[in-house]
Amino acid sequence: MKVAITADTTCAISKEEAKALGLHILPLNVIVDGVEYHDGVDIDNPTLTKMMRGGSVIKTSTPTFKELEDFFDGVFAEGYDKVIHFTISGSLSSMYSMFTLGCEERYGDKVVVIDSQLVCSYMGNLVKFADKLNKEGRPVEEIVEKSKERAGRVDVFFLPESMEFLKRGGRVSPAVAAIGGLLGIKPVLTFKEGAIGKYGTARSLKQIAPKIIEELSSKGYNPEEHEIHIVELDADLNVKVATNFMNEAFPGFDIKVTPLSINVAAHTGPGTIGIGIVKKV
C-alpha cells in the first residue's frame, strides 16, 4: 500500500524540505485588506510582516471544500492508496472538523485526518515523525496510533511584540491592549495540549525567560532525546536572547530556529517569538 503523509502549512515545513521528504503540504489562506493569498504561493513571512507593520487588516480563513478536494484528488492522482493528513490544532481552528467531515464524505476511509494539537515547527516535528514511520514501512494503524499519542505533547511559550494583533483578532479586549501598551507590558502565552492559555505578562523576554526556563527544566528533557525549537516572525533580537538563555540552561541541546507559520503570525503579529522543546524524530 502506498501511503502519503500530508499536512497544511501550519507545520512550517518549507516547499523545498517537503519536496525532499516527499510530503504534500496544503497552502492555507490569509486575507490582507480583502485580498486572499496562499501561504508559500503568493505570500511569505517577510511580505506579511511588511503588510502588518504597514497597518493592513489581516484575517485568516479555512480552505474551501473545492480546495480540499483539489488537494487530495491531486495526491491520489499520484498513485497513493491512503492519506494520513495532519491539521492545525482543533482548539484554534475548525479545520480538523471540516477536513474530517469533508474527507469522510468524499474519500471514506482512504483519508485519515489527525488533529496535531500543535502549530508551527512543533506540528512539523509530528508530521516528520509520521513520515519516518511511513518510510520504515509501518502499518497505517500504527502510524496513526503513535502520531495521536505524540500529538500535543509539547509545552510552548509565546511572547508577542505587542497586544495589537491579539486585540484585532479578539484574543484580548481593546481596554487590556491599551493598558498593556501604556505600561509596555506584553502577554506571555502558553500552548499546551493544543490550546492557548495565558501564562503571565512581562516587559521583555529577558524578564520572563528565567521563569520559562524553570518550568521547562522541571520536565526532565535530555539532549539525546529532545531538541529546542524557537519560532519567530521578525524577532531577530529576541531570537538571540532566547538562544543565549537556552544554550546556557540546556547545554548540549540542538537548537532549531524556524519561521512562525503565517496563519499563526496573522493573529500574533510581527515580533512574536515562541520557545519549546520537542522530542527528536
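The values are calculated or read from the model by the stated rules, or taken from the named source; none is laboratory data. Keep in mind that what you see is a predicted model, and the values were worked out from it rather than measured. Here the Cβ is made from the backbone with ideal geometry for all residues, glycine too, and neighbour counts use every protein chain on show. Just so you know, the surface numbers come from the protein's heavy atoms only, side chains and all, with ligands and any DNA or RNA stripped out. Shrake-Rupley method; radii C 1.70, N 1.55, O 1.52, S 1.80 Å.
General remarks:
- One residue stands out in segment 6-52 among those that are in a helix (DSSP H, G or I) and out of contact with any strand residue (DSSP E or B) (no Cβ under 9 Å at 6 or more places or on another chain): the one that is farthest from Leu133 (Cα to Cα), namely Lys50.
- Some residue of segment 263-280 being more than 14 Å from the chain's Cα centre (by Cα), in contact (Cβ under 8 Å) with a residue 12 or more places away in the chain and not in a loop (DSSP other than H, G, I, E, B): yes
- Single residue of Ile255, Ile208, Ile179, Ile262 found to be modelled with pLDDT under 95, β-branched (Val, Ile, Thr) and open to solvent by 20 Å² or more (accessible area, probe 1.4 Å): Ile179
- Scanning segment 148-167 for residues being at pLDDT 90 or above and either open to solvent by less than 70 Å² (accessible area, probe 1.4 Å) or among the small types (Gly, Ala, Ser) (or both) gives a total of 8.
- Condition broken by Glu67, with the remaining ones in (1) closer than 15 Å to Ile262 by Cβ; (2) touching a residue at least 40 places away in the same chain (Cβ under 8 Å); (3) open to solvent by 30 Å² or more (accessible area, probe 1.4 Å); (4) acidic (Asp, Glu) satisfied: (1)
- As for segment 238-255, it holds at least one residue that is touching a residue at least 24 places away in the same chain (Cβ under 8 Å) and of a type in the set (S, T, N, Q).
- Of all residues in segment 99-139 being free of Cβ contacts under 8 Å to residues at least 40 places away in the same chain and open to solvent by less than 30 Å² (accessible area, probe 1.4 Å), the one that is farthest from Ile84 (Cα to Cα): Gly102
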